[in-house]
Amino acid sequence: MKILVCGHNGQVAQALSTQLAGLGETHLLGRDQLDLARPEALREALRRLAPNLIINAAAYTAVDQAESEPDTAYAVNAEAPRVLAEEAVRLGAPLIHYSTDYVFDGYKATPYTEADQPNPLSIYGRSKLAGEQAITAVDGEHLILRTSWVYSLYGRNFLLTMQRLLQEKPQLKVVDDQIGAPTWAATIAASTRALIERWQAGQAGAWGTYHLTAQGETSWFGFAQAIAAQLEALGIHDYLAEATGELKAAGHKLDGTPWRIALEEPRDDQQVTERIIAVDGYGLSTSGDYRHYFVQGGQRFSHTLDARTGTPVSHNLASVTVIHPSALMADGLSTLLLILGPERGWDYAEKHGIGAFFVMRTDTGFVTRSSQAFARLSGEKTE
């Protein structure tokens with residue numbers, strides 16, 4: 001059996017190069033031999049090679065760049081799959097095509113299923129959906145395998161980028177509000193082999209579109225934390241990661257000491273360090289109104305809204321800093337305590353063992369107050 005793999009240097013193609021061993025005569029062809037941006041040349045190459053199975057592991061994957069190169073994105077991601085599907089039917093060969101979670105808009109709170117209606121938001125996502133639709137319209141024997149957040153030891157991907165940046169940069173920002181399923185390229189390749197073996201054994205099952213991802217879910221920040229943990233296990237400790245503006249200190253500096261973070265005094269006119277604390281493995285978040293507020297009728301109102309009333313908070317609590325093992329929890333708790341105010345917020349922090357540092361505004365300046373948990377976690381000396 002002759003197997004044609006479109007793509008040579010991509011993550012999935014690299015994984016297929018080893019996973020397909022023993023299944024037949026495998027040809028992995030890169031762009032210089034099989035240019036998907038030239039549909040007619042692609043058609044000629046397919047007729048010359050006459051494969052028994054076609055696997056399309058090639059795609060235009062530059063998501064941002066596709067916005068300025070839509071013609072190229074559609075040529076590779078939509079027109080080329082149509083040609084592959086048509087030639088596969090002519091050859092009597094099944095087609096396996098990889099697609100993406102970008103065909104969805106990402107608004108669903110639970111995992112997408114094959115029954116969900118696609119709604120791509122980007123040129124890249126639309127071009128990939130157009131490729132799916134073109135293959136389906138040809139109506140040959142095909143499998144469209146949608147996957148997500150692919151990573152491996154090859155090419156450009158989040159794993160390799162984070163491994164490099166965590167060792168090069170003193171601080172990183174990683175979003176925490178996008179959820180997905182990071183999927184190892186070798187897992188995709190191994191699953192593809194299993195599907196081919198079933199087909200060879202006459203047990204192919206139903207053709208069509210399926211989702212092929214790892215189990216579970218995480219955010220990009222959670223993925224970065226897992227990568228950081230891997231680096232720590234390898235003895236690499238000098239990095240500092242930040243999620244959505246909130247600090248997460250993990251590992252140590254080169255001299256073996258924890259990262260030291262400055263808490264800013266809540267002043268309108270300048271940045272002044274109120275105190276410096278050493279945190280190791282904790283997230284830190286500050287919520288405050290000392291630069292974002294408005295004055296009406298001589299009264300100062302915060303930019304933070306009280307969700308219970310829909311109105312700005314108006315008490316004298318200038319800022320709250322929370323230290324917590326989770327940067328995300330620290331972010332949420334600091335906002336909660338700011339809304340509750342200096343008295344109720346303090347009582348809540350003490351009752352629930354929250355590490356919180358309160359800064360109150362007075363007529364003559366600022367006064368501060370630390371919860372017992374904050375004093376303990378930050379190494380603050382107490383009476």
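The values are calculated or read from the model by the stated rules, or taken from the named source; none is laboratory data. These numbers were taken from a predicted model, which means no experiment stands behind them. When we count neighbours, we look across all protein chains shown, and the Cβ atoms used for this are built from the backbone with ideal geometry, even at glycine.
Numbers at a glance
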read-out	value
Wholly enclosed strands (runs of 3 or more DSSP E) of segment 1-74 bearing at least 1 residues within 27 Å of the chain's Cα centre (by Cα) and of a type outside the set (D, E, K, R)	2-6, 53-56
Where a residue in segment 36-56 is on the phi > 0 side of the Ramachandran plot and its partner, wherever it lies, is among the aliphatic types (A, V, I, L, M), with Cβ under 8 Å and at least six apart	Ala50/Leu91
Hey, Tyr102 part of a helix (DSSP H, G or I), under 20 Å from the mean Cα position of the chain (by Cα) and either in contact (Cβ under 8 Å) with a residue 24 or more places away in the chain or surrounded by 14 or more Cβ atoms within 10 Å (Cβ to Cβ) (or both) or not	yes
Residue that is modelled with the lowest pLDDT [pool: residues in segment 293-311 that are surrounded by fewer than 18 Cβ atoms within 10 Å (Cβ to Cβ) and within 33 Å of the chain's Cα centre (by Cα)]	Tyr293
Qualifying residue in segment 151-173 (condition: of a type in the set (A, V, I, L, M), in contact (Cβ under 8 Å) with a residue 60 or more places away in the chain and closer than 21 Å to Thr113 by Cα)	no
Any pair with Cβ under 7 angstrom, 6 or more apart, that starts in segment 360-383 at a residue that is at pLDDT 75 or above and ends at one that is assigned to a loop (DSSP other than H, G, I, E, B) and among the aromatic types (Phe, Trp, Tyr)	Leu377/Tyr282
Selection within segment 114-128 - closer than 22 Å to Asp177 by Cβ and not in a helix (DSSP H, G or I)	Asp116, Pro118, Asn119, Pro120, Leu121, Ser122
Residue that is in the same structural domain as Ile261 (by TED's automatic domain parsing), touching a residue at least 60 places away in the same chain (Cβ under 8 Å), surrounded by fewer than 21 Cβ atoms within 10 Å (Cβ to Cβ) and within 15 Å of Ser287 (Cβ to Cβ), where the choices are Leu340, Leu336, Leu328	Leu328
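The rows are residues; the columns are (1) more than 24 Å from Ala88 (Cα to Cα); (2) of a type outside the set (A, V, I, L, M, F, W, C); (3) out of contact with any Phe, Trp or Tyr (no Cβ under 8 Å at 6 or more places or on another chain); (4) surrounded by fewer than 17 Cβ atoms within 10 Å (Cβ to Cβ).
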residue: Gly131; (1), (2), (3), (4): no, yes, yes, no
residue: His142; (1), (2), (3), (4): no, yes, no, no
residue: Ser152; (1), (2), (3), (4): yes, yes, no, no
residue: Leu159; (1), (2), (3), (4): yes, no, no, no
residue: Ile179; (1), (2), (3), (4): yes, no, yes, yes
residue: Ala185; (1), (2), (3), (4): yes, no, no, no
residue: Gly216; (1), (2), (3), (4): yes, yes, yes, yes
